[in-house]
Structures are given as structure tokens and as C-alpha cells.
Amino acid sequence: MEHTANSITLRGSLRELPQFSHENHGRRFYRFYLEVPRLSGTVDTLPVIAEEALVNALDPSAGDQISVTGQIRSYNQRSDGVRHLIIFVFAASLTVEEGDPINDVTLEGLICKVPTFRRTPLGREICDVMLAVPRAFRRADYLPCILWGRTALEISQCEVRDKIQICGRLQSREYTKLTDQGPTTRTAYEISALTAGILTEEDSEENIE
């Protein structure tokens, strides 16, 4: 079975119809937002980019849920002289079907910044990690991850360039940012880890086989 260091499977409902996003080398791409409920009832609203052919092939009579498989991608966008990290799901397949919500992510990559460890006022451990996940043509996607509890404590001991694997979900989080025009509401995207582990070279070789 082919191994990938970056995979995501989603199932949720469309917030709105897909809108044209951009064209690249003659291929047209569309953007839409998928609403995926958590067990807690909170809804993650996640951006998806898909090629026009995938969108046109959707059969709305097959159900009211959209399933997406693909990868989480990132790029830097400059705005007012400031770089913003843009996170989205790049779809490899789209289907319409019935079923429960799904939000499953598996990533393997290198830690590219010193992990940030902290505790909540109630004493819960949290660790923020920026993961560089390799892509074809010597590129990488830089993806923010958040870990909890004992896993957070373990990964906080890692160093830059340590390789780890994370399994969890892609989540959205609104926050307020103060700007020259006043407070504005923005949305951040991050991978919330359910499990995480440190990988050795032997682990990576076994996964590829």
C-alpha cells in the first residue's frame, strides 16, 4: 500500500456552493467550506480546494454529505507587508454520500520550530508544534499542531528536526485580532493531535515498505 506523510479524510456538509478560486497551468480550481461537527457539538468549518472536474462529477442525489480525501496544504500570503500562513485541504477525491461526520488526519514531518509548552489555568498541559511535512518536488507544507496532556509533555522534549507522526483532526478556531481599524474576528486552522509519537529512521523505512 502506498504510504503518504500527509493524508486527511473528511465528511461533512457544504456551507455554500463551490466558488471559482484560481487557474493553474490550464486547470481550474474551486474553493468551498465543509462543516464537520465534533462529538462535543462544536462545528469545524474547513476550507477545501478541488479541481473543477471533481466538483462537476458530484452527484447531489447520492446524499447530503460530502466526503473528501486529500492532503493538508499551506502557503504564505503577504498582506500589508505581513506574511500569513494559509491552510487548506487539497482534495484528491470528492463524493456525495450519507454517513456520520469524519475528520481524520495523519501527518509525518520534521519539527521546524522549538515546541512551545504551557499549562492552562486548570493545569492541563498543551504543546504547540510547527511541523514541516514533505511534499513532492522538494517542497514542504508547514502545519501548526496542538497536543494535549501526556502527549504534549512528551513532544515538548523534542528538538528541531526531530521527526514525529501525528494522528488527529483538522480544526478551526476563531480569535480576535486588534488592528488599526479596530478588533477583527479571524479564523485559525490547526491539527489537534489525538496521538503522537517520535519516529526513527527505521520507523520511516518500515512505513514506506
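The table for this structure:
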read-out	value
Pick from the stretch 31-63, criterion under 15 Å from the mean Cα position of the chain (by Cα) and of a type in the set (S, T, Y), ranking: least open to solvent (accessible area, probe 1.4 Å)	T45
All positions within the stretch 113-123 that are surrounded by fewer than 16 Cβ atoms within 10 Å (Cβ to Cβ) and in contact (Cβ under 8 Å) with a residue 12 or more places away in the chain	K113, V114, T116
Any chance T185 is of a type outside the set (F, W, Y), open to solvent by 30 Å² or more (accessible area, probe 1.4 Å) and assigned to a strand (DSSP E or B)	yes
Total residues in the stretch 124-139, condition open to solvent by less than 50 Å² (accessible area, probe 1.4 Å) and out of contact with any Ser or Thr (no Cβ under 6 Å at 6 or more places or on another chain)	7
Listing of strands (runs of 3 or more DSSP E) fully contained in the stretch 93-141 that carry 3 or more residues being in contact with a strand residue (DSSP E or B) (Cβ under 8 Å, 6 or more places away or on another chain) and not basic (K, R)	102-111, 125-135
Residue identified as of a type in the set (A, V, I, L, M) and either more than 22 Å from P134 (Cβ to Cβ) or open to solvent by 40 Å² or more (accessible area, probe 1.4 Å) (or both) among V68, V105, V96	V96
Among residues of the stretch 71-93, those that are in contact (Cβ under 8 Å) with a residue 12 or more places away in the chain and either open to solvent by 50 Å² or more (accessible area, probe 1.4 Å) or out of contact with any helix residue (DSSP H, G or I) (no Cβ under 8 Å at 6 or more places or on another chain) (or both), counted	11
Qualifying position, being without any contact (Cβ under 8 Å) to a residue 40 or more places away in the chain and either farther than 22 Å from G168 by Cβ or of a type outside the set (S, T, Y) (or both), among V55, V48, V36, V68	V55
Some residue of the stretch 5-21 being basic (K, R), buried (at least 19 other Cβ atoms within 10 Å of the Cβ), assigned to a strand (DSSP E or B) and modelled with pLDDT of 95 or more	yes
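The values are calculated or read from the model by the stated rules, or taken from the named source; none is laboratory data. Keep in mind the model is a prediction, meaning the values are calculated, not measured. A quick note on method: Cβ atoms are made from the backbone with ideal geometry, for glycine too, and the neighbour counts reach across all protein chains shown. Ligands, DNA and RNA are excluded from the accessible area calculation, which covers all protein heavy atoms including side chains. Shrake-Rupley method; radii C 1.70, N 1.55, O 1.52, S 1.80 Å.
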